[in-house]
Amino acid sequence: MTDAKVTRPAAGRQLSIGAWRADSDLKGALQAQAAKKTGWGPSISLAFAAAGVIFGDIGTSPLYVFSSTFSNSPSNDDVLGATCLIFWSITLIVICKYCLFVLRLDDNGEGGTFALYSLLCRHVGILPGSRQSKVPDPADVLLSAYSSASELGSPDGPKPRRRSVGAHLREGLRRSRVAQSLLLSLVLLMTSLVLGDGVLTPAQSVLGAIYGLQVRTTVSGDVVVGVSIAIIVILFCVQSYGTGRVGPSFSPIVILWFIFNIITAIYNMATYYPAIWKCINPYWGYLYFVNNGASGWMSLSGIFLAVTGTEASYADLGHFSRPAIQIAFCCIAYPSLVITYLGQAAFLMANPDQVGSTFFACIPFGDGFYWTFFVIATAAACVASQAMITGTFSIVRQSIALGCFPRVTVKHTSAGIEGQIYLPEVNYVMMVLTVIVVAIFRTTVVLGNAYGVAVSGMMIGTTVLATLAMFMVWDASIFIAIPFLLIFGFIDGVYFSTNLNKVPSGGWFAVAIAFAVFAVSELWQFGTKRKQAALNANKVTMDSILRDPTIANGGSSTAPSEVQGQVKGTADTSPLSDAQTGQPITRIPGLAIMFNESVFAAPPLLKSLVARWGCLHETVVMVHVRRVAVPVVLLHERMLFSKAGLPGMYRAVLRFGYMDRIDLGPEFVAAVVHEVVQINPSLRPGRLAASDRVSYILSRPILVPRPARTVLGWPRVWLVMGYRLMSRMTRMAWEDWAVPRDAMFEVGMVYEM
């Protein structure tokens, strides 16, 4: 996550009205940033880091895959068949689907569900997080000029689009409110499944590692559960310190984990069954289903655990790069995993009765090697859990930025490391749920029933979104996109169907978490839409509030001065009067920063201030803060500034990407003062920027449900009341903007919904 402060824009920059409404001036911001990750040197360095941060989850899957696949001692053919399915699942899903296709669908280097959704919205011409159709402004199309290098047609804009399948889909989605609503609901559902996965991953990984205590000691299952819960609690409690201190150790731990797995696997293959490599032949997978029928299909839920954690390779794309992730998996994780599973299969060929504890039972070389491996396994499980927890923080943060989730506290644990954030409320809710999971399910075999549903459901959503992006972003041929959808949709669908079969025996927990989070997201979306409608209904123009007696027509423009020209002859000391009563407005010394939901309309609280107190600061800057559909906005492109057409009144639009951190502290004030002085040189910067003369004027909406006229209106009233309760419990957006507390002036505004 970048430090999103505001700096002074280039002096004299002339901006069209499209820049204010659709950010058409943002160009080339992220290509320079992406260039830092290109080349063999940076890619190899990032690949080493990615091996620990990204592939810790999928890398620790050998702890529990075979024990979750077989409930009884398997035959040799079953071992060969299951290993064949594991090999081809990893090859097809991770290498073919993600490394070759999905990783290429990046949003200026960022990956994950919301990055893909934002990419689609930008190319279609709709607002992210909105369920309402938006007539595309020509400037919106220019946003694709700063997506990724592969999407650029020329420095001046994208290549003209032909009337392809993608063009028809874009037009259909742009016009259909139902389609936009379904797309957003799919994204919210996928986010809900991620949060469920974030609860189950630490439980599954840690419990699978600590189970090793029972293999060579006489400790009870209660001890294993107790130790696992203690580790999980400690893991969540240290999140507030950030991963900056322990992060560098992630990759060495996971690399060491892979090395120990390879050593064990080679020994087992050489000792028990050197011909185990023959299971790569797809024939053994076919024979597995022939011999087992429906029970073979049901066992796929255990085999699917071999690919859980794959989504992390896409979600963490922005922290690394596509070449780095591809190198890390193809050269480190993939061969290590294949050899590990082959080694475990060779051990099971001679010891099928040990299937319940396959991983720890197959460790050779005596107690010294065993307990060393146990410690490494526990550390690797913590790394896998840490990667999922921080990934969940990042996804929730993106969801909040796009208005798709209630605002929670976001703390930055590092001043310079991208993505180092901590969400206290989310962290402790996840900790409590994870402890409950371990206490209820107690073993990885039973927990595996809950684990697969969320991940497999998310993979289906990724396949659907990726197919849409191929058409709408790439303008791909149907001979590429349709086979992708059919092949991987079939694979994901088969795994999802077998995981649904586990809902009664444990999968209900993941479904319950996903449903609860999805319901909260939908309610937040409903309320946000209603609140925005109420705000739009109460919009007022500057003309209806204030008037400059020195201007003959008594009016003021509603567009920025860059569009309509600078207003001449109006100094900041000129008088203002109330447009309704004609009474003069008293101007008090200082700078007022007044936040506004609209770009050009007057802030609703301005009317209240004028009507109730009849005074304003000498300099008033109406600030509109918005998130744009890109991960990062460069410092010099973040602020648009203009005179509002009345003495001492200015407008500013601040644009931030969904990965940017907003800081409206002293540096922001300095940038504002610089712009004001540029327009009105008679003002002294020191007088405006003095800490005791700067006031941040904010409004807190107070929502009141409109009475229901009929019985059918009561559901709407209850939903509004639910949103009102939720909004009271959540943070205001400006609470995370580093606004100085001692300079804040908050005004309550009542809106009927």
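Worth pointing out:
- Failed item, numbered, when R587 is tested on (1) within 20 Å of E746 (Cα to Cα); (2) at pLDDT 75 or above; (3) open to solvent by less than 40 Å² (accessible area, probe 1.4 Å): (3)
- Looking across the stretch 325-350, the residues that are surrounded by fewer than 24 Cβ atoms within 10 Å (Cβ to Cβ) and more than 22 Å from A265 (Cα to Cα) come down to Q326, I327.
- Output for the stretch 465-480, where each listed residue is of a type in the set (G, A, S) and in a helix (DSSP H, G or I): A466, A469
- Which numbered condition R21 misses (of (1) modelled with pLDDT of 60 or more; (2) assigned to a helix (DSSP H, G or I)): (1)
- Test: residue in the stretch 463-480 that is farther than 30 Å from M298 by Cα, touching a Leu at 6+ places or on another chain (Cβ under 7 Å) and among the small types (G, A, S): yes
- So I491, is it within 19 Å of M190 (Cβ to Cβ), under 23 Å from the mean Cα position of the chain (by Cα) and either open to solvent by 10 Å² or more (accessible area, probe 1.4 Å) or free of Cβ contacts under 8 Å to residues at least 40 places away in the same chain (or both): no
- Condition met for I229 (within 32 Å of the chain's Cα centre (by Cα) and open to solvent by 50 Å² or more (accessible area, probe 1.4 Å)): no
- Residues in the stretch 235-252 that are surrounded by fewer than 18 Cβ atoms within 10 Å (Cβ to Cβ) and either at pLDDT below 80 or within 17 Å of T378 (Cα to Cα) (or both): V238, Y241, G244, R245, V246, P248, S249, P252.
- Any chance V669 is open to solvent by less than 80 Å² (accessible area, probe 1.4 Å), at pLDDT 75 or above, farther than 30 Å from V426 by Cβ and under 30 Å from the mean Cα position of the chain (by Cα): yes
Condition check ((1) within 27 Å of the chain's Cα centre (by Cα); (2) open to solvent by less than 10 Å² (accessible area, probe 1.4 Å); (3) modelled with pLDDT under 90) across all residues:
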{"site": "R177", "(1), (2), (3)": "yes, no, yes"}
{"site": "V194", "(1), (2), (3)": "yes, yes, yes"}
{"site": "T218", "(1), (2), (3)": "no, no, yes"}
{"site": "V233", "(1), (2), (3)": "yes, no, no"}
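- In the stretch 76-109, the residue that is farthest from the chain's Cα centre (by Cα) out of those that are among the acidic types (D, E) and open to solvent by 10 Å² or more (accessible area, probe 1.4 Å) is D77.
Quick grid of which residues meet (1) part of a helix (DSSP H, G or I); (2) in contact with a strand residue (DSSP E or B) (Cβ under 9 Å, 6 or more places away or on another chain); (3) open to solvent by less than 30 Å² (accessible area, probe 1.4 Å):
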residue	(1), (2), (3)
F373	yes, no, yes
C382	yes, no, no
Q386	yes, no, yes
I389	yes, no, yes
T392	yes, no, yes
V408	no, no, yes
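- Counted residues, the stretch 296-340 - those being over 21 Å from V446 (Cα atoms) and either among the hydroxyl-bearing types (S, T, Y) or not in a helix (DSSP H, G or I) (or both): 9
- Selection count, the stretch 310-324, where residues are open to solvent by less than 10 Å² (accessible area, probe 1.4 Å) and closer than 22 Å to L63 by Cα: 2
- Enumeration of residues in the stretch 737-753 that are at pLDDT 75 or above and either within 22 Å of T409 (Cβ to Cβ) or in a loop (DSSP other than H, G, I, E, B) (or both): W737, A738, V739, P740, R741, D742, A743, M744, E746
- Only one of D353, D316, D367 that is within 30 Å of L105 (Cα to Cα) and not basic (K, R): D316
- Of all residues in the stretch 709-718, exactly one satisfies the criterion of being among the aliphatic types (A, V, I, L, M) and either modelled with pLDDT of 75 or more or within 19 Å of A537 (Cα to Cα) (or both), namely V717.
- Output for the stretch 590-620, where each listed residue is modelled with pLDDT under 80 and part of a loop (DSSP other than H, G, I, E, B): E597, S598, V599, F600, A601
A quick yes/no check of all residues on (1) polar (S, T, N, Q); (2) under 18 Å from the mean Cα position of the chain (by Cα); (3) at pLDDT 80 or above:
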| residue | (1), (2), (3) |
| --- | --- |
| T378 | yes, no, yes |
| A384 | no, no, yes |
| A387 | no, yes, no |
| V432 | no, no, yes |
| V438 | no, no, yes |
| T443 | yes, no, yes |
| V455 | no, yes, yes |
| T463 | yes, yes, yes |
| A469 | no, yes, yes |
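- Criterion applied to G296, G309, G302 was being at positive phi and either of a type in the set (G, A, S) or modelled with pLDDT of 90 or more (or both), and the one residue passing it is G309.
- Selection of the stretch 427-450 for residues being among the aromatic types (F, W, Y) and part of a loop (DSSP other than H, G, I, E, B) yields an empty set.
- The set of residues from the stretch 624-641 being in a strand (DSSP E or B) and surrounded by fewer than 22 Cβ atoms within 10 Å (Cβ to Cβ) comprises H624, V625, R626, M639.
The values are calculated or read from the model by the stated rules, or taken from the named source; none is laboratory data. Given the structure is predicted, the values throughout are model-derived calculations rather than measurements. A quick note on method: Cβ atoms are made from the backbone with ideal geometry, for glycine too, and the neighbour counts reach across all protein chains shown. These accessible areas exclude ligands, DNA and RNA; they are computed on the full protein's heavy atoms, side chains included. Shrake-Rupley method; radii C 1.70, N 1.55, O 1.52, S 1.80 Å.
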